[in-house]
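S.K.: Attaching a single structure in C-alpha cells format; questions to follow.
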Amino acid sequence: MKKRKSRALTALAVLVVLAAIAAAAMKLGLFERKNTVRDEPVPDWVDVQLIDIDGASRRGVKLEEINDIVVHYVGNPGTTAQQNRNYFNNPDSEVSSHFVIGLDGEVIQCVPLDEKSSATSERNRDTISIEVCHPDESGKFNDSTYRSLVRLTAWLCDTYGLSADHVIRHYDTCGKECPLYFVRHEDAWEQFKADVDSAM
Ligand SMILES: [Zn+2]
C-alpha cells in the first residue's frame with residue numbers, strides 16, 4: 001500500500017515538472033509559429049522596381065503576418081509585367097502586388113516583402129501577392145510565365161517556411177474569379193501546387 005502511494009506521488013511530481021516545462025515553453029513561444037514578417041533580398045532573376053509610397057497602392061504599412069501566398073491574374077490580356085507595374089505606380093492607382101510575372105517569364109518586384117500590397121482586400125494584412133500576365137481572355141498562363149510562377153512561389157514558400165498548402169487563389173479569399181483559369185480548371189490549380197511542392 002505504501003509503495004503504491006509513493007509511486008503515485010512520483011508520478012504526480014513528474015506531471016508537475018512536465019506542466020512547468022510546457023508552461024515555460026509556451027511563454028517562450030516555442031509552440032507557436034513564429035511571425036515571419038521580414039524583408040528578404042530577392043534572387044537575381046527578380047527585377048526590383050519598387051513603386052512609390054503615394055497612397056492606396058502603396059501606403060508603406062507593414063504586414064502583420066505572412067500566412068499565405070496569393071496568386072492573381074492581371075485580367076488584362078496581352079499586357080506586360082512592366083505595364084502592370086507602371087500602372088500600380090500611377091498616383092491614381094489603388095492596387096498593387098508584391099510581384100508581377102510577365103509573358104516572357106520576367107519577374108518584377110513592386111512592394112517590399114515586409115509591407116502590405118493592395119491586391120487581396122482584407123487579406124492584404126497577412127499575404128504576399130503575385131499578379132500574373134496572360135496572353136488571352138482564357139487567363140491561361142503561357143509556359144515561360146508558368147515556369148516563373150512556380151519558381152517564385154517555391155522560393156517564397158522556402159523563404160517564409162510555408163508549405164504548398166499555403167499557396168491560395170484570390171478566389172479562395174472572396175470568391176472572385178481570379179486567377180480565372182485556375183478557378184475554372186481545378187485540376188490545373190492542383191497541378192500547379194504539386195509543381196510548387198516539387199520545386200521547393
Ligand atoms: Zn485577384
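The values are calculated or read from the model by the stated rules, or taken from the named source; none is laboratory data. In this text, all values refer to a predicted model and were calculated from it rather than measured experimentally. Backbone-built Cβ (ideal geometry, glycine too); neighbour counts: all protein chains shown.
S.K.: Looking only at segment 122-131, decide whether some residue is within 14 Å of the ligand (Cβ to nearest atom), in a loop (DSSP other than H, G, I, E, B) and either outside the structural domain of PHE99 (by TED's automatic domain parsing) or at pLDDT 95 or above (or both).
M.R.: No, segment 122-131 contains no residue that is within 14 Å of the ligand (Cβ to nearest atom), in a loop (DSSP other than H, G, I, E, B) and either outside the structural domain of PHE99 (by TED's automatic domain parsing) or at pLDDT 95 or above (or both).
Condition check ((1) touching a Phe, Trp or Tyr at 6+ places or on another chain (Cβ under 9 Å); (2) among the small types (Gly, Ala, Ser); (3) closer than 21 Å to VAL37 by Cα) across all residues:
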site: ASN89; (1), (2), (3): no, no, no
site: GLY139; (1), (2), (3): yes, yes, no
site: LEU156; (1), (2), (3): yes, no, yes
site: VAL167; (1), (2), (3): yes, no, yes
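S.K.: Name the pairs: first residue in segment 178-197 and of a type outside the set (A, V, I, L, M, F, W, C), second residue more than 16 Å from the ligand (Cβ to nearest atom) and assigned to a helix (DSSP H, G or I), Cβ to Cβ under 7 Å, at least 6 apart or on different chains?
M.R.: TYR181/ALA188; LYS193/ALA164; ASP195/VAL150; ASP197/ALA164
S.K.: Which number in (1) farther than 29 Å from ASP54 by Cα; (2) surrounded by 24 or more Cβ atoms within 10 Å (Cβ to Cβ) marks the one condition that LEU152 misses?
M.R.: (1)
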